[in-house]
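As C-alpha cells, the structure follows; a few thoughts come after it.
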Amino acid sequence: MPAAKRQSRQPRMRMAAPAPLLDLASRPEAPGADLIAAVLTHADLETRLGPQRVRRSLSPYRAAELREAGRLNASEAARSLDISVIWNEAEAEVVRVVDDAPLRCKTQSSRAWWEDAWEEELWQAPTPRPALRSVKGGRP
C-alpha cells in the first residue's frame with residue numbers, strides 16, 4: 001500500500017477587524033470617588049433591581065439643594081445627574097457605577113437630532129401601488 005501523502009495545511013487567514021469610525025467628540029472625564037460617594041449618600045431616587053440590588057441616583061432638585069448647601073459645586077452638580085450607582089444592600093458594596101454622560105454627549109453632538117428624526121419626508125403617505133391584474137386560466 002502506498003503511503004498516504006500528507007497534505008500541507010495552509011494557515012487560515014484571519015479577517016482584520018473593521019476599523020472603528022472616527023469619533024472626535026471629547027469624552028467626559030470619569031467620575032471621581034467623591035462624586036460617587038455624594039451620589040450614593042444623598043440619592044433620592046431609588047429603583048429596585050432585584051431582591052438585593054438598588055439603583056440610586058440624584059434628582060435635579062436634590063442636586064440643586066446640594067449645590068446651594070455648598071456640598072457640590074456647579075460642575076459637580078451637573079455631572080452628578082449623569083451618574084447612578086447600583087448598590088448591593090446585602091453586601092453593603094457598590095456593584096457598578098453607571099455613567100450616562102457619553103450617551104448624553106453623543107445625542108447633543110447632533111445639532112438638531114430630534115428634528116432630524118421627525119422629518120416630514122419620512123412620514124408622508126406611501127405612494128399607491130398599482131392594482132393587481134387578474135390572470136385568466138391556470139389550475140381549476
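The values are calculated or read from the model by the stated rules, or taken from the named source; none is laboratory data. Please read all numbers here as calculations on a predicted model, not as lab measurements. Glycine gets a Cβ as well: all are built from the backbone with ideal geometry, and neighbour counts include every protein chain shown.
Is it the case, given these coordinates, that ASP99 is among the acidic types (Asp, Glu), surrounded by 10 or more Cβ atoms within 10 Å (Cβ to Cβ) and either modelled with pLDDT of 90 or more or within 17 Å of the chain's Cα centre (by Cα) (or both)? Taking the combined requirement at face value, the residue satisfies it.
The sole residue among ALA92, ALA19, ALA74, ALA37 that is modelled with pLDDT under 85, out of contact with any Cys (no Cβ under 6 Å at 6 or more places or on another chain) and hydrophobic (A, V, I, L, M, F, W, C) is ALA19.
Number of residues in segment 70-104 that are hydrophobic (A, V, I, L, M, F, W, C) and in contact (Cβ under 8 Å) with a residue 60 or more places away in the chain: the value is 2. When segment 31-57 is filtered for residues that are in contact with a Leu (Cβ under 9 Å, 6 or more places away or on another chain) and in a helix (DSSP H, G or I), the ones remaining, listed by number, are LEU35, ALA38, VAL39, HIS42.
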